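Below you'll find the structure, written out as structure tokens, and then a few comments.
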Amino acid sequence: MLDLKETGVSIINNCFCKNESLEEVRLPQMCTNIYSSFCNSSIKRINLGQIKEFYCSFKSCPQLDSIGEISTGNIYDSFVGCPIDSVALSNQVTEIYGYSFRDCPSLRYLRLPDRLEKIGVGAFLDCNSLEEIVILSRKVPTLETKGNALPSFGDYTRRHCVLYVPFGYRGEYSKAWPFDRVVEVDDSSPIDTTRLNVE
């Protein structure tokens, strides 16, 4: 385990990639940015806490299955190929950039924030285990498209995953997000958020 909690580190840049002995990292509270670090490493657990921005940071980490709630403002291309089971994004997250969670084969549950404005091209492509996506925003986030670029969610996900949306917004979401199964819920509906690490 690498414990950086008591250090003054605020930026981690180009460190720990391909490290085969690093399984857990504890970040200092003042750490705000992680760039191109931990890729292809043996890391299993990290709590990302208040990281404001991470870019290409955890690609191809075959054991990374626990990341805690993500509170960053933006997410860039960071978890490609990781076996994460669930993702919970806090309301500070406004944009998920392209390919950020592409090819996460174990990802089953996804909680998107109310302030989310846009999901980039291919952000959740090939996440074919997704069962439920919860988004209770009354403003439908944009799914980015660029020419013939890949969509934010793959065909398999759009056909098999249940998309939970606010009561009265099924039509708006169905038009903007082409999911076959869109279910309206109100704020008091008993959606099981414990598996999403959301209260």
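The values are calculated or read from the model by the stated rules, or taken from the named source; none is laboratory data. Bear in mind the structure is a predicted one, so any value in this text is a computation, not a measurement. We place every Cβ from the backbone using ideal geometry, glycine too, and count neighbours over all the protein chains shown. Surface areas here come from the heavy atoms of the whole protein model, side chains and all, with no ligands, DNA or RNA. Shrake-Rupley method; radii C 1.70, N 1.55, O 1.52, S 1.80 Å.
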### Task
Among residues belonging to the stretch 138-149 that are in contact with a Gly (Cβ under 9 Å, 6 or more places away or on another chain) and farther than 19 Å from ASP180 by Cβ, point out the one that is modelled with the lowest pLDDT.
ALA149
### Message
For ILE75, only one of the following conditions fails: (1) surrounded by fewer than 18 Cβ atoms within 10 Å (Cβ to Cβ); (2) free of Cβ contacts under 8 Å to residues at least 40 places away in the same chain. What is its number?
### Response
(1)
### Task
Report yes if ASP103 is open to solvent by 10 Å² or more (accessible area, probe 1.4 Å) and either of a type in the set (Lys, Arg) or modelled with pLDDT of 90 or more (or both), otherwise no.
yes
### Query
When you look at SER37, is it crowded, with 21+ Cβ neighbours inside 10 Å and either touching a residue at least 12 places away in the same chain (Cβ under 8 Å) or not aliphatic (A, V, I, L, M) (or both), yes or no?
yes
### Query
Looking at LEU48, is it part of a loop (DSSP other than H, G, I, E, B), of a type in the set (A, V, I, L, M), open to solvent by less than 40 Å² (accessible area, probe 1.4 Å) and in contact (Cβ under 8 Å) with a residue 24 or more places away in the chain?
yes
### Task
Return yes when SER60 is small (Gly, Ala, Ser) and surrounded by fewer than 17 Cβ atoms within 10 Å (Cβ to Cβ) and no when it is not.
yes
### Task
Kindly indicate whether any position in the stretch 121-128 is open to solvent by less than 60 Å² (accessible area, probe 1.4 Å), free of Cβ contacts under 8 Å to residues at least 40 places away in the same chain and more than 13 Å from the chain's Cα centre (by Cα).
yes
### the stretch 48-93 - residue that is in contact with a strand residue (DSSP E or B) (Cβ under 7 Å, 6 or more places away or on another chain) and of a type in the set (Ser, Thr, Tyr) and, of those, modelled with the lowest pLDDT
THR72
## Note on the structure
Taking the stretch 16-34 and keeping residues farther than 14 Å from LEU64 by Cβ, open to solvent by 50 Å² or more (accessible area, probe 1.4 Å) and either among the hydrophobic types (A, V, I, L, M, F, W, C) or not in a loop (DSSP other than H, G, I, E, B) (or both) leaves ARG26, MET30
